[in-house]
Amino acid sequence: MSSTPRVYMLSNQLGAGGVPQVIYNVCEHLHDSDIDVRIGYLGGNDESVERLRGLGYTVERIGDGFPEIEQPISLYRAIADYDPDIVHTHMAPASMLGRPIGSLVGAAVVSTVHNIYTEHSGFAKLMDYPTSHLCDAVVLVSNAVRDSLPPTYGIGAEKAVIHNCIDAEAVRQQGEVPLDDLPWGDRIRGGGSVVANVARFSKKKGQHDLVAALPDIVDRFPGSKLVMTGWGPMKAELETQATRLGVRENVVFLEKVENPYAVYYHADVIAFPSRFEGFSIGLLEAMAFGRPIVTTDIAPFVEALGEDYPTVSVGEPSELADRIVAFLSAPERAARRGERLRTRVDGRFSGDVAARKHADLYRRLAATRR
């Protein structure tokens with residue numbers, strides 16, 4: 001083993017979503033540390049690969065997607081060739097393969113759990129739980145995720161809460177684009193208040209509650225627009241709901257936009273009516289813009305926003321409407337709330353904070369393997 005802690009980081013995929021984004025943000029801030037990292041992924045989405053290689057990391061594609069018959073052998077060869085002190089897995093398929101191989105080559109095993117465990121599918125649990133006892137440490141992205149684990153998950157392993165992170169300054173720079181320079185800018189122009197939601201369309205994300213709240217918002221602030229990015233079959237259901245409630249012309253579906261950060265930048269209020277989350281990257285990104293945010297009172301949101309930040313009950317459109325209207329009615333007070341959120345995300349949930357915590361964990365575990 002090298003005197004420099006060597007970490008083989010393994011993910012199911014390296015797309016543009018939350019988990020690969022966290023991997024990128026942590027690796028960006030580990031770049032100048034004493035931690036040596038190599039990254040593998042099991043195929044599939046690869047939008048983050050070139051960005052990671054741009055930081056100087058070796059990124060290996062192990063197959064064309066999980067599962068493949070030869071993947072275990074290919075992964076064993078890749079990990080054994082690198083000879084790491086630590087194998088760090090993200091997502092259930094990567095954990096199912098990476099944990100036993102990490103143990104076999106004599107590395108310490110770390111796994112990150114990104115979502116509320118009770119909300120995992122039965123298939124995901126079947127892939128993940130049986131090998132959790134091989135972990136030397138389990139990283140949880142929030143206290144809420146930690147509290148959702150069964151008592152026997154990763155039994156004997158160190159449990160470390162390391163919150164999801166963002167590069168807040170980079171997010172702001174990408175989002176601060178004039179409406180005239182955005183292909184969808186004309187669709188939200190017009191003088192009315194803009195309420196934004198950036199998330200995939202799903203029951204979990206609660207967009208139907210937001211649409212249900214819209215008539216009350218429009219009644220008190222005529223011309224208001226609910227701007228939603230997202231995709232999936234639930235869009236048609238949301239369109240039908242908005243038509244039935246008489247607010248279809250007030251809903252703007254932006255689909256999957258290239259620069260979702262600009263939606264936050266041009267919003268008056270940002271809303272997250274989710275039913276459950278692990279620790280929302282989207283919420284952290286919204287916080288970076290200093291806008292007032294309305295969320296449900298689920299534990300991960302309270303953890304991100306702070307105990308004293310006002311939230312609303314899950315599944316209560318009237319409360320959503322009242323809170324949004326309260327922010328629109330008092331813009332100066334709303335701006336102060338937003339600035340407090342901006343300060344909080346910069347200080348608590350940045351990539352350098354998360355990278356330092358990961359580096360400390362890696363050094364501690366590597367020391368036990370020498």
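The values are calculated or read from the model by the stated rules, or taken from the named source; none is laboratory data. Computed from a predicted structure; not experimentally measured. Cβ placement follows ideal geometry from the backbone for every residue including glycine, while neighbour counts extend to all protein chains displayed. Accessible surface is based on the protein model in full, side chains and every heavy atom, while ligands, DNA and RNA are left aside. Shrake-Rupley method; radii C 1.70, N 1.55, O 1.52, S 1.80 Å.
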Could you check SER11 against (1) surrounded by fewer than 19 Cβ atoms within 10 Å (Cβ to Cβ); (2) among the hydroxyl-bearing types (Ser, Thr, Tyr); (3) under 21 Å from ASN164 (Cβ atoms) and say which number it fails? (1)
How many residues of segment 180-196 are modelled with pLDDT of 90 or more and more than 21 Å from ILE293 (Cβ to Cβ)? The answer is 8
Which fully enclosed helices (runs of 4 or more DSSP H) of segment 4-102 have 2 or more residues being among the polar types (S, T, N, Q)? 18-30, 71-82
Taking segment 262-271 and keeping residues in a helix (DSSP H, G or I) and open to solvent by less than 30 Å² (accessible area, probe 1.4 Å) leaves ALA262, VAL263, TYR264
Scanning segment 316-340 for residues that are open to solvent by less than 30 Å² (accessible area, probe 1.4 Å) and touching a strand residue (DSSP E or B) at 6+ places or on another chain (Cβ under 8 Å), which turns out farthest from TYR264 (Cα to Cα)? LEU320
May I ask you to list the residues in segment 280-313 that are in a loop (DSSP other than H, G, I, E, B), open to solvent by 10 Å² or more (accessible area, probe 1.4 Å) and aliphatic (A, V, I, L, M)? ILE298
If you go through segment 57-96, how many residues are surrounded by fewer than 23 Cβ atoms within 10 Å (Cβ to Cβ), hydroxyl-bearing (Ser, Thr, Tyr) and either in contact with a strand residue (DSSP E or B) (Cβ under 8 Å, 6 or more places away or on another chain) or at pLDDT below 95 (or both)? 3
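Grab the strands (runs of 3 or more DSSP E) fully contained in segment 142-252, keeping just those with 1 or more residues being open to solvent by less than 70 Å² (accessible area, probe 1.4 Å) and more than 30 Å from ARG348 (Cβ to Cβ). Working first, answer last.
Details: elements: 158-161, 194-198, 225-229.
Those strands (runs of 3 or more DSSP E) span 225-229.
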